[in-house]
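A short write-up of the structure that comes next.
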Amino acid sequence: MKKKSNRIWWILGGVVVLLIGGLVAAKQTGLIGQTKPTEVDFTAVKRLDIVERVSASGRVQPEVEVKISPDVSGEIIGLYVAEGDSVKQGQLLVKIRPDNYESLLARARATVNSSRAQYEQSKAVVAQAEARLIRAKADYDRQKKLLADKVISTADFEQIEANYNVARQDVESAQANVRAAQFNVQGAEAGLRDANENLRKTTIYAPVSGTVSKLNVELGERVVGTSQMAGTEIMRIANLNNMEVRVNVNENDIVRVNLGDSVEIDVDAYTTTGRKFKGLVTEIANTANGLTSASGAAAAASTDAVTEFEVRIKVLNSSFRDLIAQKGRKSYPLKPGMTASVEVITDKKTGVMAIPIAAVTTRGAAQEAMNRDPNAEDDEDDKKDEAAKANPAKKDEIKEIVFVNQAGKAVQREVKTGISDFENIEIKSGLKEGDQIISGPFVAVSKRLKNGDVIVKRDPNKEKKEKKEEE
């Protein structure tokens, strides 16, 4: 019995030793007692060519498009062009019924003739008044001598003097009537010119050479014309050889766009063919869209609307000249109103150190303090407040950082970045060529990783396998 009892104790002791040895070995190998490594993607720092671009979308429009509206109202009795026709400057386009305006012109001419007749009549009255004045002056001089010789009485002389003064006033009145008649003639002639101009405006000619890009009326329609504001829009004439794309660029990107920047243009109508057009930035708006006044600015500031600026991009003729040759001289590959997206090339560098954009993240002073404290996750908000209080100068300081792989640990490094494209970003300092950095996944780089975390390379096929198993 004693031997059997000793054997049991020996067995139990051996089991305990094995358990303790297994636990020690597991802890040393990292199977227990250590944090699970974070699975990440690695990328090496290398030299690349980076082209910085600003993307926007808009519509194709002619550089110059003239809207033609009548200055007079009436019925269209002649329409001599169709939409798409090429026209030359001075070519007859539209004729409006002139009957009413011809009547007004005839009436204006009659008024001019009447005014001129009155003017001539007024001049004749002046001549008569001047003749009477001469006779009254002679009588006055003669009677004055007789009065001096006391041949006539003072009463008789005063009568002659009064007649003389009346004659002078008659001349002045007649001369004033002549001036009034002259002004009447000038007014009548102005009315005649106006009536003549209105009659001329019933015939509309092309103000510029180009193509009828839009025709809004038909023969027989009535149009409204006014010289005070725009009347009925009859048609538009544009030079379809000179086209531009008008796009709206976000305020965060507009500061990088400059006059003369090269542009790649993708017109939706040619997307399936893979055709790209070339362009240049020719105009950048100084005021945001919709902010035309102080009240407009205040209204826009009170809303959540995105602030955008209009940018005009000239489409280089050399990029679609072959399409014109294919379609023929009277057809143009770009039509007003076509939708287009553009990429403005704002900067370009060759052979610079670069890494994927997803590898760069930001950290503040509070986050750095938490990274140094392994228990920070237990009370994250309190730690942020404590870090901000301990380092008030660093409270709002944000640093760009990258995590570098050093012996299986994520080591945080501050970097300075430059230009970027849609995938990569330039590294000016903080890394050297060949460094192995952590480029993903995005959530791990931007939020989860801390300085000194254990990392392992992620199996790219793991997610695919898990998805297949779930399916």
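The values are calculated or read from the model by the stated rules, or taken from the named source; none is laboratory data. None of these values were measured; they are calculated from a predicted model. Neighbour counts are summed over all protein chains in view; Cβ atoms, including those assigned to glycine, are modelled from backbone coordinates with ideal geometry.
Restricting region 206-254 to residues that are among the hydroxyl-bearing types (S, T, Y) and farther than 16 Å from I77 by Cβ, which is modelled with the lowest pLDDT? Applying the filter and picking the extreme gives S227. A Cβ distance below 7 Å, combined with a sequence gap of six or more or placement on separate chains, defines the contacts here; from region 229-247, residues that are farther than 15 Å from M338 by Cβ reach residues that are surrounded by fewer than 19 Cβ atoms within 10 Å (Cβ to Cβ) and of a type in the set (S, T, Y) in the pairs A230/S69; G231/S69; T232/S69; E233/S69; I234/S69. Checking each residue in region 83-126 for being in contact (Cβ under 8 Å) with a residue 60 or more places away in the chain, part of a helix (DSSP H, G or I) and more than 30 Å from V178 (Cβ to Cβ) picks out Y101, E102. Just a yes or no: is a residue in region 197-218 at positive phi, in contact (Cβ under 8 Å) with a residue 40 or more places away in the chain, of a type outside the set (V, I, T) and buried (at least 16 other Cβ atoms within 10 Å of the Cβ)? Yes, the conditions are met somewhere in region 197-218.
All of (1) touching a Gly at 6+ places or on another chain (Cβ under 8 Å); (2) in a helix (DSSP H, G or I) hold for S173 with one exception: (1). Flag: K150 does not match the condition of being of a type in the set (K, R), out of contact with any strand residue (DSSP E or B) (no Cβ under 6 Å at 6 or more places or on another chain) and within 30 Å of I77 (Cβ to Cβ). Whether a residue is farther than 30 Å from K276 by Cα, touching a strand residue (DSSP E or B) at 6+ places or on another chain (Cβ under 7 Å), surrounded by fewer than 19 Cβ atoms within 10 Å (Cβ to Cβ) and of a type outside the set (K, R) was assessed, and E75 passes this test. Cβ-Cβ contacts under 8 Å between residues 6 or more apart (or on different chains), taken from a first residue in region 403-425 that is in the same structural domain as F42 (by TED's automatic domain parsing) and over 21 Å from D347 (Cα atoms) to a second residue that is part of a strand (DSSP E or B) and charged (D, E, K, R), are listed as F403/R413; V404/R413; Q412/R363; E414/K399; E414/E400. Any chance region 316-329 includes a residue that's modelled with pLDDT of 90 or more, part of a strand (DSSP E or B) and not aromatic (F, W, Y)? Scanning region 316-329 turns up no residue that is modelled with pLDDT of 90 or more, part of a strand (DSSP E or B) and not aromatic (F, W, Y). Among residues of region 235-258 being of a type in the set (V, I, T) and out of contact with any Asp or Glu (no Cβ under 9 Å at 6 or more places or on another chain), the one that is nearest to F320 (Cα to Cα) is V245.
Please give the number of the condition L259 fails out of (1) over 25 Å from the mean Cα position of the chain (by Cα); (2) surrounded by fewer than 17 Cβ atoms within 10 Å (Cβ to Cβ); (3) over 17 Å from P336 (Cβ atoms); (4) in contact (Cβ under 8 Å) with a residue 24 or more places away in the chain. Unmet for L259, out of (1) over 25 Å from the mean Cα position of the chain (by Cα); (2) surrounded by fewer than 17 Cβ atoms within 10 Å (Cβ to Cβ); (3) over 17 Å from P336 (Cβ atoms); (4) in contact (Cβ under 8 Å) with a residue 24 or more places away in the chain: (1).
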